[in-house]
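Structure first, then comments.
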Amino acid sequence: MAPPRKKKETRNIKVLAENRKARFNYEIMEIIEAGIELVGTEVKSLRSQAPTIAESYAEVKDGEVWLVNAHIPEFSHGNRANHEPKRPRKLLLHKKQINHVGSAAARKGYTLVPLRLYFNEKNKVKLALALGKGKKLHDKRETQKTRDWQRQKQRLMRDKG
């Protein structure tokens, strides 16, 4: 018999950007919540404009984890001290987490993929970072097939009522 399900926690989060292709392109092994180090006008820009993390990735360099190629647009009312939109940003993780993620990412085929950028319940900017293994073409086809079958099954159940 299966263990009883726990109630889902209702968390008050505001999702800013989501990497929708990540779950299709990667088999997600583990998800880690990381803080992100931002400068000056970046938080104001996040509140007013939509960032993009679709083509970004994370890498471990010198015992630190960096988010590379994430685009946070310049703040519209910023002055000459406005931030650079695609600069690398440091991710805030504990040393144990960095060691774990770094050793896993060093293995063949594993990648650090950002899934979601959001404000948590304390209004801090967080990044859901996943440790994923790239899928082959036949795995992607299998995922698509099961997704289509689930959708078709739901339609049949709804119609039969």
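The values are calculated or read from the model by the stated rules, or taken from the named source; none is laboratory data. All values reported here derive from a predicted model rather than from experimental measurement. Positions of Cβ are backbone-derived with ideal geometry, glycine not excepted, and every protein chain shown enters the neighbour counts.
Side notes on the structure shown:
- In the set (1) over 25 Å from residue 134 (Cα atoms); (2) in contact with a strand residue (DSSP E or B) (Cβ under 6 Å, 6 or more places away or on another chain), the condition left unmet by residue 104 is number (1).
- Against the numbered list (1) over 18 Å from residue 16 (Cα atoms); (2) in contact with a strand residue (DSSP E or B) (Cβ under 9 Å, 6 or more places away or on another chain), residue 56 comes up short only at (1).
- When each of 153, 140, 145 is tested for being in contact with a helix residue (DSSP H, G or I) (Cβ under 8 Å, 6 or more places away or on another chain), charged (D, E, K, R) and either assigned to a helix (DSSP H, G or I) or modelled with pLDDT of 95 or more (or both), the lone residue that passes is 140.
- Yes/no for residue 15 being crowded, with 16+ Cβ neighbours inside 10 Å and out of contact with any helix residue (DSSP H, G or I) (no Cβ under 9 Å at 6 or more places or on another chain): no
- Flag: residue 131 matches the condition of being within 22 Å of residue 34 (Cα to Cα), in contact with a helix residue (DSSP H, G or I) (Cβ under 6 Å, 6 or more places away or on another chain) and of a type outside the set (Phe, Trp, Tyr).
- Residues of region 66-91 classified as surrounded by 15 or more Cβ atoms within 10 Å (Cβ to Cβ) and more than 19 Å from residue 54 (Cβ to Cβ), total: 4
- Which listed residue, of 138, 100, is surrounded by 10 or more Cβ atoms within 10 Å (Cβ to Cβ) and over 18 Å from residue 54 (Cβ atoms): 100
- Of the strands (runs of 3 or more DSSP E) lying entirely inside region 13-68, those containing at least 2 residues that are of a type in the set (D, E, K, R) and at pLDDT 90 or above are 26-36, 57-61.
- For residue 106: the one exception among (1) at pLDDT 90 or above; (2) out of contact with any Leu (no Cβ under 6 Å at 6 or more places or on another chain); (3) aliphatic (A, V, I, L, M); (4) surrounded by fewer than 17 Cβ atoms within 10 Å (Cβ to Cβ): (1)
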